[in-house]
Every structure is written in structure tokens, then in C-alpha cells.
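Inspection log for the structure reproduced underneath, given as C-alpha cells.
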Amino acid sequence: MRIKLLVITAFLITLSTVKAQDDLTNYLTLPQELTKNANAVVRLDETIIEVKAINDMEISKKRIVTVLNENGLRRIGAYVWYDNVVRVKNAEVKIYNKFGKQIKKIRERDFIDASAVSGGTMYSDSRIKYLDYTPIEYPFTVAFTSKIQTKNTASLPSFNPLGYYVGVQKSTYKITYPLGFTMHKKELNLDEFNVVKDEREGKLSYTIENISGIKPEALSPSDTEIEPRVFFALNKFYYDGVTGEINNWEEFGKWMYQSLLTGRAKVDAATKAKVESMIAGVETDREKAKIIYEFVQNKTRYISVQVGIGGFQPIPADEVDKVGYGDCKGLTNYTMALLKIAGVESYYTHVEAGKEIVGFYDDFASLAQGNHVILNIPNDGDDIWLECTSQKVPFGHIGDFTDDRNVLVITPEGGKLKHTKKYTTEENLQETTGAYTLDDNGNIAGDVTIKTYGIQYDDRYYLEDWSQVEKDKHYKKYFQTINNVNIDEIKLDNDKESIAFSEKVKLNADAYGVITGDRMLFAPNAFNRNTSIPDRYRNRKFPLEIQRGYYDTDEYEIKLPANFTIEAIPDNVTYETKFGSYTFTITKKDDQTLQYQRTIKLKDGLYPKEEYKNYRKFIKKIVKYDGSKIVLVKK
């Protein structure tokens, strides 16, 4: 009787499990409130990680996604990464129609198998298997299951359940690990999304349920600042034959120095002699470093290397010296090796690079933080940061790829967190000067010079490498407020010593001044007019963040047509807010000549979401003032 009861119980549990999955694959059972702002809804995302030993980890995933439209296809998430040490044990997809009826089954052998890196990578063993499916109708549901096994336990998957335009019915993350290990974690924004946490000895889980789709908002903080995330790191780990035990950044840096860097910063005698010859007679470390940096720029080129531990360990300096190329790790290590010959102190530095400013967490050390390597020269407390992968970036300029963030500087004594250069509002300067003439038909002919510094330099210096056709298109778009503009001449100058980029452009266009009867109307700001108003949000969810400020100054001389005189001219403007300031003045030099002057200063800062409407008002007024018209009348 007891055996019969057990069989019946097991059958009922199985039936209940099947019924539960049927509910999740049927669009008709989808809570409709989850489809708000959503192109897809994750019905279930279950990640189970089992760390069995320091060099044995298994990751199982079950993901059921109802795709509502074409834009939701990218949210299916049916893929697995693998390489020489990550083995795919299984992967399978089942497709269901709107009513939950299975219409297709796709096994692992039918997945697309491709390289997981771009064509710019010379060496990599990373690959991906992914679903390639073209639906016949919407909505439909995909149920994906996978399991991988790996020896590498240095980088654990994070709990990252949300995304833009995707609803979540339920997402769970469970991890188990040996009792002798410590699990370090960084938890972000859990309470705001009612994430349920269950922590026990050797076990940890997180669950989130019933979240409608999130719409992105302009000028909001980075995703990690506003969405629920948990990052994990074991204190003991294994990575491609190397073991480690770390609990903080100091220990992390010492492990990296001893395990990954030691012995890899050596070059042969001939290169050593060449370096010594280059710096002979040079007195300052800064000038020595500049000479060596420019030597590396001229000698090497960037190419990605991501084989095995090469994902973290640099190519030896002598190999880079021979072949003339390397990735960010290899080129940084090579530059460091040459600077060592010159007696210039420098350190290999990990950074989370990208235009969005994301730094290392000071209270959470992990191998998963950081996607790029740069070089730090302490320079007696006045840090110099070098981007070693570019042949174009001036010495000491890092730009918006690695500016203003916490980075890990790796020294023989251990890791040290430092902050890279923050460019001030005033340093991010653009100076526009010029002159233009209007004739009696409203046609314009002018010369303009644009000089940029700081981050604004970073946004422009690459133009010198563009073709003439590309430059012509760029400036026609840049001066788009002048209809049908013709670009007559372009002269560019990249001053790497002062880190300033100069653009001199001659242009002309018909009918810039609009003639109506005896009158002509035109906007005096011909060369740098702001026309973009930020999106409006009736119910904004996230704070306002301006990550980088800037300062623009403009000064133009305007020659008026000979047979017209001024009838109306805009009043001078001074406009101050917490976000920045705006001014413009128009001065009459003589009957046919005006001087136009304008400034915009936008400050960086983090503001409550309620301030967004005031920021939008500030920009909207700037657009209005920039479009102000002068009215001329025939004499």
C-alpha cells in the first residue's frame, strides 16, 4: 500500500509540474499587466549553479519566454557559451504557439555554432551555440534548457533579471558551494523591486516576480544603479590551471601580479639599447614616458587575444616586441616593460571601459569587474593615464572610454583602487569663431573655426582619418540648420602637444535668410545651433544624471546685405539654472556689421527624477534662444 501511495504521489507531482509548464507556455495564461511596455515576457528564468569543488562548477538554466512581437526576439536568450574548458552537456529548445501547443523541437546539434568574438580578434577559443528561429506568427513561446560544466570558478554568473521592454513573471537564481568557501557578493537595488533572498550556509537564492516592462529614459543613471543586480565571487577559485584566494582588492592585485604578470615584462638586449638611446639626455620622467609611448604607438597595432588565460594574462613583452601587435593587456605590459628600462615607474591597471562611467566597487573584489587594461604612471601623485591600444590618442589623454572612474592598479604589494582623471566642465571646451556674409538674396558665405579640448576633443579628433566624402557628409550634417549647405574647404589640425583639435571650414548656401516681401529673416547663430529637446516623460521613474559637463563659446561677425537695414533684433539673454547657464549678446559694430556672442555651460551632476522637467525646460529655452531671428527690411 505504501509503495502504491508513493507512486501515486510521484505521478501527481509530475502531473503538477507538467501542468505548471503548460501554464507558462500558453499565452492565454500570461498576466496581461506584465505586457505593459514589453516586447517579450520572461515567464520563468531559473538559474541553478552548483560549485562542487574549486575546479568544478555546473550551471543549469531553464528559460521560458513569450515573444509578443519582432522586437522581442532578442529577449529569447537561447544560447550557450563554451571554449576549451567549458563543456556543453545539453541544450534544447521547444517552441509553442499562442495556445501552448508545441510546434517545434530544436536539439543542440541544430543550434548555430559560431565564434563568440568579432573579426578583430586574432586568437580566441570562445564559441557560442545559439537558436536561429524565424517565427510564423506572434505571440509564441520559447522554452530553453541548458547545462554546462566548467573547471573555471573565478567568474560566477550574476543575478541580472530585468531589461528594457521585457516583463518578468518569475526569475530565480540559486547557487550552492562547498562549506569551506566564502561567498562575497554585491547586492544592488533589491528592496526597490521586492527581491526575495534566502541565505543559508553554503546556499544562496534570489527570486523576483511580476515586474512589468521598463522603458529606458534619457539621461538616467547606468543600469547597475537602477536595476536589481547581484554580483558574486568565491574567495577561492580556479582559472585555467591557476588557483587563487582573495577577499579584497589588495589580495586580488597581489594574486594578479604574482600569477599573471611576473616574468612577462622583459625584452631583449637590442630593444633595451634602443630605449636607452631614445631617452639619452632626457631629464624628466614625463618626457621619457612620452617618447616611449609614441614609440609604442608607431611600432604596434591592436589585435584581440582571448585564448584560455589569455583572457586575463598579457602576451609576454618580448613577443609583442617581435610581432608588433597585441591586445590591451599585451600592449600595456609592453609599454610598462619599456618604461621600466627608462626608470619610469608604471603599473598595469584594470578598468571597466565604456562611454558610460562605471567604476570598480571599493567593497567588492572580483575578476568579473574590468573589461580593459590601461597604464598608470604615478608621477609623484600627479597620475598619468595611458591608453596603449591607440595609435592616435595623445600622450596623457584617456577620453570618455576610461575617464572619471575607479580602477584597479596592480602593484607588487597588491591591488590599489585609484580614480582616473575627471575632465571638468571648463576643460570640456569648444570654441567656435567665424564670420559670414549675407547678400541681398539671403545667400550665406562664411568661414568657421571650431577648436575642441577635453572630452569634446575626444569626440572630434578621429575626423582627420576620414575620407573627403565622409568629411563632407559630416559637416553637412553638423551645419544642418543651414539648408542645402555646400562645403567648400576643410582644414583639420590635431595638436597632440596641447591636446586640441582645430577644424576650419568654408561654406556657402542659398537662401539662408528667408525673404518675405520687403523683409529678410535669419537666425544669427548659424554655426552651432542647439535644436534637440529632451524627451518628455509624464511619469519619469529614474533620476537625472549628467555624467559629463561641457562649455561652449561662440563668436561670429555677421556682415548684413548692403540694401537692408535692421528692423528688429533679439534682446540679449542671460539664463542661469542649477544645471548650467546660457548667454547670448548681439552687438552692432556699424550699420552693416553685427557681433554675435554666445556661451553654454552644462554642469555634470545627479538629480532627483523630479528635476528632469526643469532640466528639459532649461534645454528647451536654449533651443528657443538659439533659433531667435533678426528681421531686416529693405532700405
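The values are calculated or read from the model by the stated rules, or taken from the named source; none is laboratory data. Just so it is clear, the model here is predicted, and its values are computed rather than measured. Every residue, glycine among them, receives a Cβ derived from its backbone with ideal geometry; neighbour counts consider all protein chains shown. When the accessible area is computed, the model is the full protein with side chains, heavy atoms only, and any ligands, DNA or RNA have been set aside. Shrake-Rupley method; radii C 1.70, N 1.55, O 1.52, S 1.80 Å.
Brief remarks on what is shown
- Qualifying residue in segment 395-408 (condition: open to solvent by 20 Å² or more (accessible area, probe 1.4 Å), in contact with a Ser or Thr (Cβ under 8 Å, 6 or more places away or on another chain) and at positive phi): yes
- A single member of Phe364, Phe360 is out of contact with any helix residue (DSSP H, G or I) (no Cβ under 8 Å at 6 or more places or on another chain), open to solvent by less than 20 Å² (accessible area, probe 1.4 Å) and outside any helix (DSSP H, G or I), and it is Phe364.
- Options Val505, Val514: the member that is open to solvent by 60 Å² or more (accessible area, probe 1.4 Å), under 24 Å from Asp447 (Cα atoms) and among the aliphatic types (A, V, I, L, M): Val514
- Among the residues of segment 187-217, those that are in a loop (DSSP other than H, G, I, E, B) and either in contact with a strand residue (DSSP E or B) (Cβ under 8 Å, 6 or more places away or on another chain) or open to solvent by 40 Å² or more (accessible area, probe 1.4 Å) (or both) comprise Asn189, Leu190, Asn194, Val195, Glu201, Gly202, Ser212, Gly213, Lys215, Pro216.
- Figure legend. Inter-residue proximity from segment 258-282: first residues charged (D, E, K, R), second residues surrounded by 14 or more Cβ atoms within 10 Å (Cβ to Cβ) and outside any helix (DSSP H, G or I), beta-carbon distance below 9 Å, spacing 6+ or different chains. Indicated pairs: Arg264/Gln313; Arg264/Pro314; Arg264/Ile315; Arg264/Pro316; Lys266/Pro316; Glu276/Ala342.
- Looking across segment 367-381 at every residue that is assigned to a loop (DSSP other than H, G, I, E, B) and modelled with pLDDT under 95, the one that is farthest from Ser346 (Cα to Cα) is identified as Ala368.
- Test: Arg301 is over 28 Å from the mean Cα position of the chain (by Cα) and either under 19 Å from Thr349 (Cβ atoms) or in contact (Cβ under 8 Å) with a residue 60 or more places away in the chain (or both): no
- Scan of segment 317-335 for residues that are crowded, with 22+ Cβ neighbours inside 10 Å and among the aromatic types (Phe, Trp, Tyr), ordered by number: Tyr334
- Within the set Ile546, Ile600, Ile533, the sole residue that is out of contact with any strand residue (DSSP E or B) (no Cβ under 9 Å at 6 or more places or on another chain) and under 26 Å from Thr452 (Cα atoms) turns out to be Ile533.
- Within segment 253-288, considering residues that are of a type in the set (Ser, Thr, Tyr) and within 30 Å of the chain's Cα centre (by Cα), the one least open to solvent (accessible area, probe 1.4 Å): Ser259
- Any hit, segment 381-389, residues being without any contact (Cβ under 8 Å) to a residue 12 or more places away in the chain and open to solvent by 30 Å² or more (accessible area, probe 1.4 Å): yes
- Residue count for segment 563-594, restricted to those that are β-branched (Val, Ile, Thr) and not in a strand (DSSP E or B): 1
- Selection within segment 451-475: residues that are outside any helix (DSSP H, G or I) and over 16 Å from Asp488 (Cα atoms). The member of this set that is least open to solvent (accessible area, probe 1.4 Å) is Thr452.
- Pairing each residue of segment 584-604 that is touching a residue at least 24 places away in the same chain (Cβ under 8 Å) and among the acidic types (Asp, Glu) with any residue that is surrounded by fewer than 19 Cβ atoms within 10 Å (Cβ to Cβ) and in a strand (DSSP E or B), provided the two are 6+ apart or on different chains, yields C-beta distances under 6 Å for Asp604/Ile546.
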